[in-house]
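Only one structure is covered here, and it is reproduced in the block below.
The numbers here are math on the coordinates, done by the rules we state, and not lab data. It should be emphasised that the depicted structure is a prediction, and the values quoted were computed from it without experimental measurement.
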């Protein structure tokens, strides 16, 4: 007979499953912050990205959502070999 998992065990399993992707996201954020602070070229790229966002409005928001809510997590799951 299989023992039932408690809520605390489920929380622990969820934390373990999300630690590596979370650390990767935080490292990416830290790299962007350092690049923004140290590289005028990167800062200009972000300014241009903001202008593009302002010019395209809702279509830009939709495409950004698709990329960062679907494509990036899917790519990370394959890169981390969490899916076949």
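If you average 1/r over every pair of different alpha-carbon atoms in the range 1-55 and take one over that average, what Kirkwood value in Å do you get? Walk me through the numbers before you get to the answer.
On the way: mean 1/r = 0.0688 Å⁻¹.
Averaging 1/r across every pair of different Cα atoms and inverting gives 14.5 Å.
What does the range 23-84 give for Rg and for Dmax, in Å, if only its C-alpha atoms count?
For the range 23-84, the Cα radius of gyration and maximum Cα-Cα distance read 14.4, 41 Å.
Angle between the Cα long axis of helix 40-56 and the longest principal axis of the chain, 0 to 90 degrees, nearest 10?
The answer is roughly 90 degrees.
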